[in-house]
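Taken together, the values in this text are just the output of simple stated rules run on the coordinates, not laboratory data. Worth saying up front: this structure is predicted, and the values here are computed from it rather than measured. Neighbour counts run over all protein chains shown; Cβ positions are idealised from the backbone, glycine included.
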Amino acid sequence: MKKRWMLALILILVMGMLTGCHGRRSEEAFEMPAQLDEENPIEIVFWAKNDTNKTQRDIYYKAIEGFQKLYPNISVTMRLYTDYGKIYNDVITNISTGTTPNVCITYPDHIATYLTGSGTVMPLDELMADPKYGLGGEALKFDAPIQEEIVPEYLGECRIGDSYYALPYMRSSEACYVNKTYVEALGYTLPETLTWDFVWEVSEKALEQNADGTFKVNGQQVMIPFIYKSTDNMMIQSLMQKGAPYSDEEGNILLFNEETTQILKTVAEHGKSGAFSTFKISGYPANFLNAGQCIFAVDSTAGSTWMGSKAPLVDIAEDKIVDFETEVMTVPQYDPSAPQMISQGPSVCIFHKADDQEVLASWLFAQYLLTNDIQIAYSETEGYVPVTRKARESLEYQEYLAAAGSDEEVHYDIKIKAVALVMEHTEDTFVTPVFNGSASLRDASGQLIENVTKAVRRKKTVDDAFINDLYEEVQALYHLDQGGLGASGQEQELGTLPGEAVALITLLAAAWILIISLALRERLIKPKE
Amino acid sequence: MKKALALILTMGIALSLAACGNKADDSAKSEGVMTYAEYAAAAVDTEVVVETYVQAKQSWWDNKATIYTQDQEGGYFIYEMACSEEDYNKLTTGTKIKVSGVKAEWSGEYEIAEATFEIEDGNYVATAVDVTDLLGKDELIDRQNQLVSFKDMTVEAVAYKNEEPGDDIYLTLSKDGNSYDFCLEYYLNGSDETLYNLVGGLEAGQTVDVEGFLYWYEGVNPHITKVTVK
C-alpha cells in the first residue's frame, strides 16, 4: 500500500515537473494592453554593452534615471557587458532556463539565433505601430522619434523575415586610419578613396630596410604596414565590393568560392612578406599605428578615440608614441567610384514575457533609448552616429560636429572625422543576410584570413590544395557543412545544454527509472501475495 | 675483510641513491623536448615542444584552455590550448604536461598558441621569485610568465575595467617614484572573492607586497594572484 502511495507521489512529482517545463516554453501570445499600468510595480532587466568606457556607462544610468522619473512604477536593473559575445552566450543560456532579460543590446545576427527558441524575441511591428505607445505615440511621456525619423537603412537592418525584431541603437562602420606622414615620406600621395592596390603597394614599399635591419620609413625594428582588426569584416567587404557571393536571404552559404580563393592568395602574398597582419596575430592596430609601426590601421569608427598621436585613449607608453598626421579614410575599395562598407553597431531587442505590461514597459524603455538626449550623448563618446535623423539634424549635434578639433577629448578631430565618414557614406553601407547560422558564417570568413596569414608566417605554402583543405576545415569547425542553416533555421547553434537543463533531464530519467523499477517490483512481488 | 665489504656496500648504496636522485629529477627533459633556453631562443611562428608544470588556470571555454605553466627554468603562457573540460579538470597546480604548439607573440607577450598537450608523470609547484629589483630593467622580461613577487610597492590607483566590480581590476603601483601597471585578471582570480574585494578596496598610499604571473601587454603587466597589505 505504502508503495502505491509512493508511486502516485512520484508520478505527481514528475507530472508537475513536466508541466513546469511546458509552462516555460509555451508563453501565451502578446496582447497589446490598452493602457500602461502606472500603479503596480514593474521590474525590467536591461543587458547593455559598453566599450569599457565610463561615459557610456554613465549615459545608460542617466537613461534609466530619466526613464524611471517619467514612469516611477517601472524599475530598470542594468547588467553591463564589455563584449557582445558574452551577451550572446548568456542570452543563449538564459533562453533555455526562461530567464532572458527584458531589454538587450544585441546584433541582428544574434537575434536570428535567439529566434530558434520558441517565444523569445518580441516582433516589434505591432508595438511600433501602436498609436498610443508606438514610435512617437501620443501617450508617450517623452519625445520619441516617429518611424520615418529613424534612418531607414538602419531600421531595415533590424528586419528579419517579415518582422522587425529590434530597433537600431547606435551605428558605426570601419575606417582606415592612415599615417599620412609616412605615406608621403614613401613618395606617395593619398588618393581621394583608398584602393586595395594602393594599400598593398605602399605597404610593400614600407618594408624596405636599412643595413642595420631597421625599417627605412620609421627607423625602428618593427613595421607592420597594414593591420586589420576585424578580419571577418575584411573578407565580407572584399566580397561585397567584388560583387562576389557570400550568403543569401535563404541562408545558403556561398562564401567558399573562387573570388574568396583569390582574396586569400593576395592576403597570403602580403602576409608572407610581412606587409600585412591582423589583430589576433599581432595586437591592436591602434598600438602599432601610434608607435609609428603601422601605416594603414583598419578598425571600427567606434575605436577612433584610440587612433592618432594625440589620441585621448592610449595603451602604450608615452615615450613610444610618435608624432604623425592621421587621415581617416574609407576602408580600401576595389571600385573607388562605388565605395562599399559594412554597417555595424548595436541594436536593441526586447524579450517575450508572460506579463504583457512587462513587455510594454520594456518597449517603452527601448524606445526611450532613441530620444535625442541619449542618442547624442552616446554618439559623442566614440565614433558612433545617432540612428535617428531627429538627433542627427538637431542643433546640438550639428554644433558638436562643427567643433571638431577644438579639444582633444569630446571634440577629438579623428573621432569626429570618423563620424562624418559614416554619415557621409550611410547610403554606401550594407549588412549581410541574417539567418540562424549567419553569426557562424561571419566568424568563418574571418578565420580564413587568420589561418592563411598564420600559415605563411609559418613558412607553409598557400596554394589551391591548402585553401581547399582550409575550406573543409573551417566548414567543419563552424558547422557550415551540415546543411539546414536557413532563414527559418532551427539548426544547432544553441551550444551545449546548460547545467540546469542537464540536471533536469537527469532527474527526469532517474524518476522514470524509479517508477519502472517500482512497477516491475510490484508485479514480481504480487504473485507471492 | 668485513670492513672492506662494508665499504664496498656503502659505496654501492651511495651510487644507487645518486642514480635514483637523477631519475627523480623532474627538470630533465624527454627526447625531442626543448629546454627553456631553447624555447626562449626559438623564433616566433616556429613549432615548439616543451615539458612544463601547470601553475594556474586562467580560463576554459569552447574546449580551449588558457593556463600559466612553469618549469624549473622559466615560464610558458599557453593560450587557448585544445582541451576538453574533463582534461581541464585534471590540470591541477603542479601537474606536468607536454605541450606542442607554435610560439607566438601578442603585444609583447610570448605564448604557445594552437597547442595540444598530454599529461605526464611529475609535479612541480613554483615559488614566487622576488623581482622587485628588476623593475624598470631590461632583464625583467627574462622572467616573463613566471610566478614572481614585488615587495614594498606603493598603491597609486585602483580602477575597475568596467568602472564597477565584476571585471578586471587595474592596479597602479609605484616603486622609487616609477609607476607600473598590474592587473587582477577576473578570469584568473574571479572566484577568489577575498582577493577581489581586497584589491578593489586598496587605497592610494598603502604599501603592499604582491605576487603574480609576469604577464606582458605593451610592457610589463603582472597578473596578480596575492596581495599582502603592510
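A few notes on this one:
- Length gained on full extension, A:T426 to A:D407: 4.2 nm, using 0.36 nm per residue less the C-alpha separation.
- Euclidean distance between Cα centres, region A:44-71 to region B:124-153, Å: 41
- Around A:K415: net Lys/Arg minus Asp/Glu count, Cβ-Cβ under 9 Å: -2
- Centre-to-centre, using Cα atoms only, region B:159-197 and region A:316-344 are separated by 33 Å.
- Sites A:D58 and A:E318 - FRET efficiency at Förster radius 35 Å, r taken between beta-carbons, to 0.05: 0.85
- Whole-angstrom gap from region A:224-244 to region B:36-75, using each part's C-alpha centre: 32
- Each residue of region A:345-350 was assigned a 3J(HN,Hα) from its phi angle through the Karplus curve 6.51 cos²θ - 1.76 cosθ + 1.60 (θ = phi - 60°); the sequence is x, x, 10, 10, 10, 10 Hz, with glycine and proline shown as x.
- Distant-in-sequence amide H partners of A:N436 (H built 1.01 Å from N, under 5 Å): A:G486, A:G489
- FRET efficiency, 1/(1 + (r/R0)^6) with R0 22 Å, evaluated for B:S84 and B:Y187 via beta carbons: 0.75
- Long-range HN-HN contacts of A:S247 with modeled amide H, under 5 Å: A:L254
- Considering only chain A, percent of DSSP beta bridges that pair antiparallel, nearest 5: 55
- In chain A, the DSSP-assigned H stretches of four residues or longer account for a calculated mean residue ellipticity at 222 nm of -13500 deg cm²/dmol, using -39500 (n - 2.57) per stretch and the full residue count as denominator.
- Taking each of A:K62/B:K161; A:K320/B:K137; A:K272/B:K57; A:K180/A:K415; B:K137/B:K161; A:K280/B:K103 in turn, the alpha-carbon distance tops 23 angstrom for A:K272/B:K57; B:K137/B:K161.
- Look at the dipole of the protein assembly as shown built from charges on Cβ: of A:G117, B:S30, A:F30, the Cα furthest out on the positive end belongs to B:S30.
- Residue by residue, region A:136-152 carries 3J(HN,Hα) couplings of x, x, 5, 9, 6, 9, 9, 8, 8, x, 7, 4, 5, 8, 8, 4, x Hz when phi is fed to the Karplus relation 6.51 cos²θ - 1.76 cosθ + 1.60 (θ = phi - 60°); x denotes Gly or Pro.
- Largest mean-square fluctuation among B:A41, B:A56, B:A157, in a Gaussian network model of chain B whose springs join Cα atoms under 10 Å apart, belongs to B:A41.
- Calculated FRET efficiency for the pair A:N73/A:D481, C-beta based, R₀ 45 Å, to 0.05: 0.30
- Convex hull per residue volume in Å³, alpha carbons only, for region B:129-229: 91
- Rounded to the nearest 20, the size of the Cβ-charge dipole of region B:129-229 about its Cα centre is 140 debye, with Lys and Arg at +1 and Asp and Glu at -1.
- For chain B, the 222 nm mean residue ellipticity estimated from helices alone, with every DSSP H stretch of n ≥ 4 adding -39500 (n - 2.57) and the total spread over all residues, rounds to -5500 deg cm²/dmol.
- Cα gyration tensor category, rounded, prolate or oblate, for chain A with a/c compared to 1.5: oblate
- Pair A:S163, B:A37: separation of 7 Å Cα→Cβ label points (nm): 6.9
- In order through region A:266-283: 3J(HN,Hα) via Karplus (6.51 cos²θ - 1.76 cosθ + 1.60), integer Hz, x for Gly, Pro: 5, 4, 4, 4, 8, x, 5, 6, x, 6, 9, 8, 10, 4, 5, 8, 10, x
- Residues with amide H under 5 Å from that of A:D130, placed H, sequence gap 5 or more: A:L135
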